[in-house]
Amino acid sequence: MAGDTILIVLIVLPFVGSLAAGLLKAGARTTAALLAGTIALVGFGLAIASYPQIADGQIIRYDLAWLPSLGLNIVLRLNGLSWLFTVMVTGIGFLVVLYARYYMSPKDPVPRFFSFFLAFMGAMLGIVLSGNLIQLVIFWELTGIFSFFLIGYWHHNSTARDGARMALIVTGAGGLALLVGMLLIGHIVGSYDLDVVLAADDTIRDHPLYLPLLLLVLFAAFTKSAQFPFHFWLPRAMAAPTPVSAYLHSATMVKAGVFLLVLLWPVLSGTAAWLWIVTYVGLATLLIGAYSAIFQHDLKGLLAYSTISHLGLITTLIGMSSPLALVAAIFHIVNHATFKASLFMAAGIIDHETGTRDIRRLSGLFGFLPFTATLAMVAAAAMAGVPLLNGFLSKEMFFAETALRNSNPFYNISLPVVAVLASLFAVTYSLRFIHGVFFGPPPTELDRVPHEPPALMRRPIEVLVLICLLVGVIPGITIGPYLGSAVLSVLGPDAPYYSLSVWHGFTTPLLMSFAALLGGIVLYLALQPYLARGIDGAPLIRGLAAPRVFERLLILLSVKWAKALERVFGTRRLQPQLAILISVAVLAGALPLMAGLGPISLSLADADPALAVVWVVGTICAIGAAIQAKYHRLVALMLMGGAGLATSITFVWFSAPDLALTQLLVEIVTTVLILLGLRWLPKRDEAARIDIARSRGARFRRLRDVVLAVIFGTGIALIAYAVMSHDAPDSISRFFLDNAYALGGGRNVVNVILVDFRGFDTLGEITVLAIVALTTFALLRRFRPAADSIERPEQQRIQREFEAGRSSEADAEGTIVSNFLFVPSVIMRWLFPVIIVLALFLFLRGHDQPGGGFIAGITMSIAFVLQYLGGGTRWVEERLRILPTYWIGAGLLIALLTGAGAWLFGAPFLTSSFQYLDLPLLGKVPLASALLFDLGVFVLVVGATVLILIAIAHQSIRGAKPARLRPVPVAPQKSGEPR
């Protein structure tokens, strides 16, 4: 398989598997695990197969044009570093899937778990394989979103919900900072392509914006990798299922931050700011995490704080700006992934078999779980840095770097002292894990008698522990070549010489290692009486509980400040909110727009009297609608339609038939929808209305609204007039007029712009339309009209007949609305095929003449509107199988596939093509690929409009059932912790 094909499969396959797993039934645990395991194993195999192509510092690269003019292309990039992370993500991912198959309870919706798991795997692979900075940020945020779902998987548990929310907020804030930082890097370099950025090291470091972008990138990395002072979210994430913890804490989520630092090390390191910030943030994290881990009574809590500490160790090495320190950092990333994943799985087995993770209730488990205990002890020894295990080698390299002399005395003293002290603490908490759980008297307060888990559940730990042993004994053979490829990909020809030998003689690092080992043993023995008392929290720093600070800050922002802003700007009425919005828009847009347009010369010499009459009528209708809104809503609605009709005539007058058609059709549909919603509004109390109208506050509001309307309307009119009358030599309109046919194959410039030149904007707009329709349906589907809503006598009579059983529901609905609009229902039904043909005609002619997908979609929506008005909801839905959500999904899919189809021909996304076909009898017929995109617009507009119509129509008739697109599924039974 070619290298670029491998990259595509690595990215796409997990997301496809996620969708497939989500479609499985809740009880298909084995099928879901088999699907997830196969995908992870395939990804691992593809990564292994691609190693020969990147072993010598080469890069496998795949470019897919997206927005090339903006430098935003989809770029997949595999080098030694990303290969190493890909192997960890897929390999450990496969082992976690195998483990989770036996860990997760059959009562849990396991397919949903594996669906989130695969999506998270895909997002993490997206980070390590991204060759574009903006693309990397997108996958960065996706890891935060999917980790939120994984951490909060047991959503009935408040601790899980709180931990997921905390992780999302902290890492999400870092993601926003990363986006700004990447934009600054792209601005400095002139490209978002990672290879271009990595070649611009001095350009970035010498730029005045270096420090701001550095702080932004570091903030993102520190929040993701749980560095001080943002480390507090990681222990709270322990509420997740243990397979999630094993995966997030070893090879994925928390490693994304250090991966980013290693990735950008060539262009951001080497400055004083990098040295002091990164090194000492890492050093503080290393020490605080190790110290706190000693006093945790929850096994997963102990491992969580140890993860924080080891991430601090890696960050410290990265911050030293030394090539050898970077080698040690990459080496320890791999070592930490192996022993930490195995330890979390062992903790999960202990919890699974004993029903608790509390060290105070656990002891003497070696006699019950001898195999698991042996594996856990080896992994814990690797975490502590015991010789002949992989953790010892990378930690000795860490000691060697901290022992180097520097010109700064504080640096010379602080680094080796903190390194030894933190390593001493690591030995202490590792001993507590081993001795407190597996030795001592047999446990007496357990709910069940523990026993060894199924062999396949233990197999992933065995594989990982074997790797710890092999790397510790023969590192040059097992990890040497792959580590060398990763180092070469980052440092290039500047990669230093380093040795992975197990024995280097009696050196200072070796003495530091033995000092940490002996000191840790002594400290554990000294602390045993204190630990036996079971006091929660680490002494000395117990008061510095960052989660409390976070919760208080969250309350301050989301409660106190939010309520203060709500008191100032909030209201239950739409009118004041619109007033604030319009006021801000006027102030923000007036000065720059007027300054850019220059002086505006108004001349009435060429004014046409007929058009002036139309404008006068439209103005009168608009003013009348504002006045009648206080007295008669139906009259106000009719006058609003008159103003819209005047606007449509104006568009026709100025040779804009597409705009005129769109305006006219939208007026028709919105008028009908508002008519259906009028009966929701409460009855008017005339006496109360008169009292309110005479009050000083009401007069002020009316005056304010008039002033804002006049200012805003006049401003928009002046801007529109200035744009139309201003002959700019650099106007972009000339480009569209000259190239609509040559490049887009259409003579209707407006439609060519929408589906070709600015097709990406249109894709975003129809996506927003789909979201609006779905949101409207969700809000209205169970809404019931107010008890005092307006009912005319005829409506009340028909409603009584309906309730008495003398009229069918369809007849009652049809008669109510039909009498209200005075249109016979039979004629409405006859118009249905006629309007459909008209819609198809407008759609097919849109590329060359007025029409197009949006106009045709609105036209066809009117056909469905008439059927609802003429026959009622039940009549329509019994005879016409309308599934608007399917229409919406199909429309988006058609538009996306049309854009992606350009990739098959090596063109950027949404690039259109056209040619003439010579058909019998018809002759040459133009055919443009943009027609397919327009078809997507057409289908989505029909679906969105009908969906809103269904939501409103079901509420417009009292007695109708809540709107429902399909049978509502029964809520799943709450799942609990594993047995």
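Every read-out reported here was derived from the displayed coordinates using simple, explicitly stated rules and does not represent laboratory data. Model, not experiment: these values are computed from the prediction. A quick note on method: Cβ atoms are made from the backbone with ideal geometry, for glycine too, and the neighbour counts reach across all protein chains shown.
Going by neighbour counts of Cβ atoms within 10 Å, the residues 904, 883, 421 line up, fewest first, as 904, 883, 421.
Label-to-label distance, residue 535 versus residue 656, with points set 7 angstrom from Cα along the beta-carbon direction: 7.5 nm. Stretching the chain fully between residue 491 and residue 173 yields a gain of 111.5 nm (0.36 nm per residue, less the alpha carbon separation). Here r is the Cβ-Cβ distance between residue 830 and residue 23 and R0 is 45 Å; the resulting FRET efficiency, rounded to 0.05, is 0.60.
Among 231-240, 704-713, the peptide with the highest mean count of other Cβ atoms within 10 Å heads the list, and the full ranking is 231-240, 704-713. P(r) for segment 417-517, from all Cα pairs and a bin width of 5 Å, is 2, 9, 10, 12, 17, 18, 12, 8, 6, 3, 2, 1, 0 %, short bins first. Each Lys or Arg adds one and each Asp or Glu subtracts one; over the other residues with Cβ under 11 Å from the Cβ of residue 130, this totals 0. Ordered by the number of other Cβ atoms lying within 10 Å of each residue's own Cβ, fewest first, 352, 187 fall into the sequence 187, 352. Each Lys or Arg adds one and each Asp or Glu takes one away; over the other residues whose Cβ falls under 14 Å from the Cβ of residue 652, this sums to -3.
Extension gain, residue 913-residue 522: 0.36 nm per intervening residue step, less the Cα-Cα distance, totals 133.2 nm. Modelled this way, with points 7 Å down the Cα-to-C-beta line, the labels at residue 558 and residue 5 are 4.8 nm from one another.
With 31 Å as the limit on Cα-Cα distance, the pairs of 107/560; 107/340; 224/560; 25/255; 340/560 that go past it are 107/560; 25/255; 340/560. Put in line by how crowded their Cβ is, counting other Cβ atoms within 10 Å and starting with the fewest, 159, 444, 885 read 444, 159, 885. The overall shape of segment 269-539, judged from the alpha-carbon gyration tensor, is prolate: a/c is not under 1.5, and a/b is greater than b/c.
Only the Cβ atoms of Lys and Arg (+1) and of Asp and Glu (-1) were treated as charged; on that basis the dipole of segment 269-539 about its Cα centre amounts to roughly 140 debye.
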